[in-house]
Amino acid sequence: MEKAGSAPSNVKPPLWVNAEITFRCPLHCLFCYNPVDYAHSGAELSTDDWVRALRQARELGAIQLGISGGEPLMRDDAETIIAEAHKMGYFITLLTSGVGLTEQRIAAFRAGGLDAIQLSFQDSTRELNDFLSSTRTFELKSKVAKLIKQYDYPMVLNVVLHRLNIDHVQKILEMAEAMGAEQVELANTQYYSWAMVNRDHLLPSREQLQRAEAVTNQFRAHVGNKMKIYFVVPDYYATRPKACMNGWGSVFLNIAADGMALPCHEARMLPGLTFPNVKDHDVRWIWHDSPGFNAYRGDSWMKEPCRSCPDKVKDYGGCRCQAFMLTGDATNTDPVCDLSPQHHLITDVVEKAQNPDPGKPMTVHPIVFRDDKNSRKLGEKHAVPTPAAAPVDS
Amino acid sequence: MSAPNIALDSVIELQRQYRFQYEEAQKAYVLLYPEGLIRLEGSAGEILKRVDGKTSVEGIVQDLQQTFPGVELRQDVIDFLEVAYGKGWIRTK
């Protein structure tokens, strides 16, 4: 058994790199998973920095590459980064809102070897799509969907589900089918970052969730192999935690816009840990030797009830960020687990979400949209997102 | 068991969201698709390596028998391709 903080000897290579090439985004989605204080993060990496870091990760064994953000198309070197990554042998998916995806750019991505495009919609209706993203983007996204098919790309449609749109799952799936999507991700909101701030607006009721799952299963039977539908359940409705990132520092390497290398999108919030920057360190050292990536590998950091639990090899104690956000200690059991002495932190919120009126928020506090102004304010107030107790934007 | 989808004269290809390649770090063939990865163990990799949208299933079997002489693998190949079809990895042309 290794000592806490020492490097376990059996570290496998990363498989999946998520490159958040920018935090800039023309959309203002209330459930965005970028850090709430992104406006305080450092300068973006240069093209050369990205290419070097991706090459180092590929040499370690990484295969899957997500080019995301923010909105990755905000960078005009996305084409260069993708073309270079393609030469390295990555399977590359562009994760985009569609804003900025012109025919000229999609042709360049095609030529450069981009493999797939994941297009996000916020809803099947223009009204709610545009409200949730606080932009007028529905028509534009619909045009982009056509462009993606025109360029013969496999299309992955991603729709983040929550209390305000989950009752539209049937329409959302019909829209996906009409667009010719090969893959649909109905991703229930997980409560981090901006989604945590807006949690009382977003958490669906159990009845909403069950209905949406039933509709999804019926639709699966209807489309068969033509369209793969993933339905990601919100972990608040589970009794055992998700195997977050398939284990800390196990397969996933997130590189943020400022170059910070992280074991997940959210780990930047954890106190007492220092995460390395790809500008200063080789990815091999980052992955294998940096204290940040070794902090929660293995199980020597675990406390009870995880430590003696047979499920620890399946769920790794759940999510460190969620444990920290909700209990104040990242080494606690994820409170989603019903064996956690703090499981009530989840069930109290879930109970509140059952009433009175699904489809309507359970709070009178206004929605906090993701934008630079709110980010600067949230960055000053607290590093850890908590549900908005009072309007941020007065 | 449902009706077979794969016959000896079927010509098959990968569904277009999939990419097949050898990964040195894995020491294995893999199937890649948007945000996913399937590691293909021994024979699965050898079979899919020969799926090119031109060769029939019979052609794939014969090629495998040349590479691995003395092994009766016709039924194994068909069984695997049925599974791959069921999972949506491949389609018939």
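As an exercise: evaluate A:Gln122 against (1) surrounded by fewer than 21 Cβ atoms within 10 Å (Cβ to Cβ); (2) at pLDDT below 95 and give the number of the one condition it does not meet.
Against the list (1) surrounded by fewer than 21 Cβ atoms within 10 Å (Cβ to Cβ); (2) at pLDDT below 95, A:Gln122 comes up short only on (1).
State all residues of the range B:32-64 that are within 14 Å of chain A (Cβ to nearest Cβ) and of a type in the set (A, V, I, L, M, F, W, C); if no residue qualifies, say none.
Passing the criteria: B:Leu32, B:Leu37, B:Ile38, B:Leu40.
Within 14 Å of chain B (Cβ to nearest Cβ) and in contact (Cβ under 8 Å) with a residue 40 or more places away in the chain: which single residue out of A:Ala19, A:Ala43 fits that description? Walk me through it before giving the result.
Values: A:Ala43 fails: within 14 Å of chain B (Cβ to nearest Cβ).
Of the residues listed, the single one that is within 14 Å of chain B (Cβ to nearest Cβ) and in contact (Cβ under 8 Å) with a residue 40 or more places away in the chain is A:Ala19.
When A:Leu273 is evaluated against the numbered criteria (1) closer than 29 Å to A:Ala57 by Cα; (2) touching a helix residue (DSSP H, G or I) at 6+ places or on another chain (Cβ under 6 Å); (3) surrounded by fewer than 24 Cβ atoms within 10 Å (Cβ to Cβ); (4) within 14 Å of another protein chain (Cβ to nearest Cβ), which criterion, by number, is the only one it fails?
Checking A:Leu273 against (1) closer than 29 Å to A:Ala57 by Cα; (2) touching a helix residue (DSSP H, G or I) at 6+ places or on another chain (Cβ under 6 Å); (3) surrounded by fewer than 24 Cβ atoms within 10 Å (Cβ to Cβ); (4) within 14 Å of another protein chain (Cβ to nearest Cβ), the one that fails is (4).
Which ones in the range A:247-264 are surrounded by fewer than 21 Cβ atoms within 10 Å (Cβ to Cβ) and either free of Cβ contacts under 8 Å to residues at least 60 places away in the same chain or over 15 Å from A:Pro13 (Cα atoms) (or both)?
A:Asp258, A:Cys264
For B:Lys27, work out the one condition from (1) buried (at least 19 other Cβ atoms within 10 Å of the Cβ); (2) within 29 Å of A:Asn18 (Cβ to Cβ) it doesn't fulfil.
(1)
Please go through (1) on the phi < 0 side of the Ramachandran plot; (2) in contact with a Leu (Cβ under 9 Å, 6 or more places away or on another chain); (3) away from chain B (no Cβ under 14 Å); (4) buried (at least 18 other Cβ atoms within 10 Å of the Cβ) for A:Tyr237 and return the number of the only condition it doesn't satisfy.
A:Tyr237 satisfies all of (1) on the phi < 0 side of the Ramachandran plot; (2) in contact with a Leu (Cβ under 9 Å, 6 or more places away or on another chain); (3) away from chain B (no Cβ under 14 Å); (4) buried (at least 18 other Cβ atoms within 10 Å of the Cβ) except (4).
B:Pro69 versus (1) over 11 Å from the mean Cα position of the chain (by Cα); (2) under 30 Å from A:Arg284 (Cβ atoms): which is the lone unmet condition?
B:Pro69 satisfies every listed condition except (2).
Name the residue, out of A:Ser300, A:Ser308, that is in contact with a Ser or Thr (Cβ under 9 Å, 6 or more places away or on another chain), over 26 Å from B:Glu35 (Cβ atoms), part of a loop (DSSP other than H, G, I, E, B) and among the small types (Gly, Ala, Ser).
On the way: A:Ser308 fails: in contact with a Ser or Thr (Cβ under 9 Å, 6 or more places away or on another chain).
After ruling out the rest, the residue left standing is A:Ser300.
Tally up the residues in the range B:1-24 that are within 14 Å of chain A (Cβ to nearest Cβ), more than 17 Å from B:Lys87 (Cα to Cα) and either β-branched (Val, Ile, Thr) or surrounded by fewer than 16 Cβ atoms within 10 Å (Cβ to Cβ) (or both), please.
Qualifying residue count, the range B:1-24: 3.
Taking the range A:276-289 on its own, how many of its residues are surrounded by 19 or more Cβ atoms within 10 Å (Cβ to Cβ) and free of Cβ contacts under 8 Å to residues at least 60 places away in the same chain? Lay out the reasoning, then the answer.
Narrowing the range A:276-289 to residues surrounded by 19 or more Cβ atoms within 10 Å (Cβ to Cβ): A:276, A:278, A:283, A:286-287.
Adding the requirement that they be free of Cβ contacts under 8 Å to residues at least 60 places away in the same chain leaves A:276, A:286.
Residues that pass the stated criteria total 2.
Yes/no per residue for (1) over 16 Å from A:Lys146 (Cβ atoms); (2) within 13 Å of another protein chain (Cβ to nearest Cβ); (3) under 17 Å from the mean Cα position of the chain (by Cα):
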{"site": "A:Leu73", "(1), (2), (3)": "yes, no, no"}
{"site": "A:His86", "(1), (2), (3)": "yes, yes, no"}
{"site": "A:Ile92", "(1), (2), (3)": "yes, yes, yes"}
{"site": "A:Thr102", "(1), (2), (3)": "no, no, no"}
{"site": "A:Ala107", "(1), (2), (3)": "no, no, no"}
{"site": "A:Leu114", "(1), (2), (3)": "yes, yes, no"}
{"site": "A:Thr135", "(1), (2), (3)": "yes, no, no"}
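What is the residue count in the range A:113-142 for residues that are closer than 19 Å to A:Pro72 by Cβ and part of a loop (DSSP other than H, G, I, E, B)?
Step one: filter the range A:113-142 for residues closer than 19 Å to A:Pro72 by Cβ, giving A:113-122, A:133, A:135, A:137, A:140-141.
Filter once more, keeping what is part of a loop (DSSP other than H, G, I, E, B): A:113-115, A:122, A:135, A:137.
Summing the residues that are closer than 19 Å to A:Pro72 by Cβ and part of a loop (DSSP other than H, G, I, E, B) in the range A:113-142 gives 6.
Is it true that A:Thr363 is assigned to a loop (DSSP other than H, G, I, E, B) and at pLDDT 95 or above? Before you say what the answer is, go through the steps one by one.
Working: assigned to a loop (DSSP other than H, G, I, E, B): yes; at pLDDT 95 or above: no.
No, not satisfied.
Just to be sure before I move on: is A:Gln183 farther than 30 Å from A:Leu326 by Cα, within 14 Å of another protein chain (Cβ to nearest Cβ) and among the polar types (S, T, N, Q) in the structure I sent? Break it down into steps so the answer makes sense when it comes.
On the way: farther than 30 Å from A:Leu326 by Cα: yes; within 14 Å of another protein chain (Cβ to nearest Cβ): yes; among the polar types (S, T, N, Q): yes.
The answer is yes for A:Gln183.
Quick one: which of B:Lys54, B:Lys49, B:Lys93 is within 30 Å of A:Val251 (Cβ to Cβ) and surrounded by fewer than 18 Cβ atoms within 10 Å (Cβ to Cβ)? Walk me through it before giving the result.
Working: B:Lys54 fails: within 30 Å of A:Val251 (Cβ to Cβ); B:Lys93 fails: within 30 Å of A:Val251 (Cβ to Cβ).
Within the list B:Lys54, B:Lys49, B:Lys93, the selection yields B:Lys49.
Mind telling me which of the residues B:Lys87, B:Lys93 ends up being of a type outside the set (Ser, Thr, Tyr) and under 12 Å from the mean Cα position of the chain (by Cα)?
Details: B:Lys93 fails: under 12 Å from the mean Cα position of the chain (by Cα).
Among B:Lys87, B:Lys93, only B:Lys87 is of a type outside the set (Ser, Thr, Tyr) and under 12 Å from the mean Cα position of the chain (by Cα).
Looking only at the range A:46-71, count how many residues are away from every other protein chain (no Cβ under 14 Å) and closer than 19 Å to A:Val156 by Cα.
3
The values are calculated or read from the model by the stated rules, or taken from the named source; none is laboratory data. Because the structure is a prediction, the values reported are computed rather than measured. As a convention, Cβ positions derive from the backbone with ideal geometry for all residues, glycine included, and neighbour counts pool all protein chains shown.
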